[in-house]
């Protein structure tokens, strides 16, 4: 029996386990990436392991998130990251060099390699045939130290692309259609592998848009084959020697299959407040638009920017619209400046932002009260933009540019002939903003600012785990809810005690106070709890507040892993109806917790207040059981090395 593409790469990197869906495997990691929002914590954790030098083929630290410097905190963290990476053998991409996923695709990604990143959109690398996975910072720190990455072997879902996209229909519309069909939790436990004749019609930047936003499916990762299109892209980047051909065997087996007819797609938009709330642009209608934001790791490539510039050329942004554009990398910005496209954008009335994540993560450009904001980003969760009352729609760059001109949501097909943009034969390659680490053994002073505080470390699990149900939340609670990430809080990513004061406050402003008054307790959640970003702060902040366990209907993959790494027990209701039987401040008790967790996947939680036993599932591998018993991955790792 032949292997599919994902299985081929996993087999090549397999350290332990069998490629049987739902069982734990571990794989060797070739490359890692971090960004400054998660990177500070990842490097603090790496330092705590006492390993002098990274053991990957290449590790890169990017500065792209915390680039608004309203105080000393961000600049201090950047100096810490620059010095700690230099000391330990990690390359440093300076502020202004671009968004991590865009730059890594351009300059460092290699087909067939594994990439682990402390950012949920790391699967962007699947656009060139990498097995690229987002994870919490602690998992990335372990990988940098040469340790394997553990995960449950995913199912592999083949998405067959038929035909070719019509003019004005884009890669963004492809992934929005997949989201419409599969939903934001439809990819959990799966790798999405793209195949079919339609693949060869898509450029690498288009493929990267699709794999990038596969994170919104909850998928482990998404991947395209590495073919002649990939080769031409790498050749244009001056990296043809990195290319290898990668494709599934003819008789490869898949767990699921989905067929998308590219010929039949139309311009789509994800409506507030979820990436899977998808409808045709023409059906939504000509709603008034107040803001348009173009960029992010999803849609900030040279090709995207050139199409936007072509739409805007010779026109003027509608007087009621604020248009902001953020090219994804210094390479993209330089090429736009040299060929005149940047001037066309500016002449049309666009405001040019730096090459960084910016408004996608709530770092500036918050919309007005009750505003409609069209964004080429990947998430439109309520309040993520920085304005709780704003209505955010996710659209393609072409739809965004067309709407910026008209002032209303506009199907770009109304503009007439679509602009034709060709992939350049040669990109401008200048890596001078990427600093190589100091030679091994060099004396490098690691600079730590006053905002860097010790991160919480759990204690070994006790036999008796008890506490109140401190909060009860519904379905699809995101990491933005659990640990808000905005322009005011992002500078404190290295200060967990401060961040904990804001934990779950979008759901209940009194949660941190209640948690501290009760010396911790439990969180009760609905389906897909913890969807969204990879930020392990959504586990560290609850740990700081004494959270002992989370009982939910289901979990998002990365957040569940982060809870385990922090020694917080992730439990799912055996009978979802039991969710209704737990009220706020009910006293919960797990007796003989250590023996129960050792015994298997089922646990009994006693609702002391109601006098009722609740059966929950704890889906842990043998290794994860030991991590929970030890009180988290750091404690477990220390025990293993003793």
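Assorted remarks:
- The condition (being in a loop (DSSP other than H, G, I, E, B) and under 30 Å from residue 534 (Cβ atoms)) is satisfied by just one residue among 334, 298, 316, 369: 298.
- If the condition is being buried (at least 17 other Cβ atoms within 10 Å of the Cβ) and either on the phi > 0 side of the Ramachandran plot or free of Cβ contacts under 8 Å to residues at least 60 places away in the same chain (or both), then region 419-466 contributes no residue at all.
- Taken together, 238, 218, 187, 198 contain a single residue that is over 14 Å from residue 127 (Cβ atoms) and without any contact (Cβ under 8 Å) to a residue 40 or more places away in the chain, which is 187.
- Yes/no for residue 142 being surrounded by 24 or more Cβ atoms within 10 Å (Cβ to Cβ) and either over 18 Å from the mean Cα position of the chain (by Cα) or outside any helix (DSSP H, G or I) (or both): yes
- Residues that are part of a strand (DSSP E or B) and either surrounded by 16 or more Cβ atoms within 10 Å (Cβ to Cβ) or in contact with a helix residue (DSSP H, G or I) (Cβ under 9 Å, 6 or more places away or on another chain) (or both), drawn from region 247-269: 252, 258, 260, 261, 268, 269
- Against the test of being surrounded by fewer than 22 Cβ atoms within 10 Å (Cβ to Cβ) and closer than 24 Å to residue 430 by Cβ, the options 96, 109, 117 yield a single qualifying residue, 96.
- Filtering region 58-79 to residues that are crowded, with 20+ Cβ neighbours inside 10 Å and under 23 Å from residue 122 (Cα atoms) leaves 59, 60, 61, 62, 63, 64, 65, 66, 67, 74, 77, 78.
- Any hit, region 270-284, residues being over 23 Å from the mean Cα position of the chain (by Cα), within 28 Å of residue 386 (Cβ to Cβ), crowded, with 19+ Cβ neighbours inside 10 Å and modelled with pLDDT of 95 or more: yes
- Any hit, region 603-618, residues being touching a helix residue (DSSP H, G or I) at 6+ places or on another chain (Cβ under 9 Å), assigned to a loop (DSSP other than H, G, I, E, B), touching a residue at least 12 places away in the same chain (Cβ under 8 Å) and under 30 Å from residue 494 (Cβ atoms): no
- Subset of region 163-184 (residues that are part of a loop (DSSP other than H, G, I, E, B) and more than 16 Å from residue 123 (Cα to Cα)): 163, 164, 165, 166, 167, 168, 169, 170, 183
- Residue 629, sole failed condition from (1) surrounded by 20 or more Cβ atoms within 10 Å (Cβ to Cβ); (2) in a helix (DSSP H, G or I); (3) at pLDDT 95 or above: (1)
- The residues on offer are 390, 348, 356, and the sole one that is crowded, with 22+ Cβ neighbours inside 10 Å and over 17 Å from the mean Cα position of the chain (by Cα) is 390.
- Condition check for residue 554: within 18 Å of residue 485 (Cα to Cα) and either assigned by TED's automatic domain parsing to the domain that holds residue 470 or surrounded by 20 or more Cβ atoms within 10 Å (Cβ to Cβ) (or both): no
- Check on residue 497, assigned to a loop (DSSP other than H, G, I, E, B) and farther than 30 Å from residue 213 by Cβ: no
- Options 348, 402; residue that is closer than 23 Å to residue 202 by Cβ, assigned by TED's automatic domain parsing to the domain that holds residue 276, in contact (Cβ under 8 Å) with a residue 24 or more places away in the chain and out of contact with any strand residue (DSSP E or B) (no Cβ under 7 Å at 6 or more places or on another chain): 402
- Within region 310-326, the residues that satisfy the criterion of being free of Cβ contacts under 8 Å to residues at least 60 places away in the same chain and either under 20 Å from residue 378 (Cα atoms) or surrounded by 24 or more Cβ atoms within 10 Å (Cβ to Cβ) (or both) are 322, 324, 325, 326.
- Spans of strands (runs of 3 or more DSSP E) in region 1-112 with at least 1 residues within 30 Å of residue 301 (Cβ to Cβ) and in contact with a strand residue (DSSP E or B) (Cβ under 7 Å, 6 or more places away or on another chain): 24-27, 31-35, 58-62, 91-93
- Annotation: residue 298 fulfils all but one of (1) surrounded by fewer than 19 Cβ atoms within 10 Å (Cβ to Cβ); (2) in contact (Cβ under 8 Å) with a residue 60 or more places away in the chain; (3) in contact with a helix residue (DSSP H, G or I) (Cβ under 6 Å, 6 or more places away or on another chain); the unmet one is (1).
- Restricting region 467-494 to residues that are assigned to a loop (DSSP other than H, G, I, E, B) and touching a strand residue (DSSP E or B) at 6+ places or on another chain (Cβ under 9 Å), the residue that is surrounded by the fewest Cβ atoms within 10 Å (Cβ to Cβ): 475
- Here residue 596 passes the criteria (1) in a strand (DSSP E or B); (2) over 19 Å from residue 455 (Cβ atoms) except the one numbered (1).
- For region 16-57, the candidate set comprises residues that are on the phi > 0 side of the Ramachandran plot and in contact (Cβ under 8 Å) with a residue 24 or more places away in the chain; within that set, the residue that is surrounded by the most Cβ atoms within 10 Å (Cβ to Cβ) is 17.
- Residues within region 403-434 that are in a helix (DSSP H, G or I) and more than 19 Å from residue 279 (Cα to Cα), tallied: 4
The values are calculated or read from the model by the stated rules, or taken from the named source; none is laboratory data. Bear in mind the structure is a predicted one, so any value in this text is a computation, not a measurement. Cβ coordinates were reconstructed from backbone atoms using ideal geometry, including for glycine residues, and neighbour counts include every protein chain displayed.
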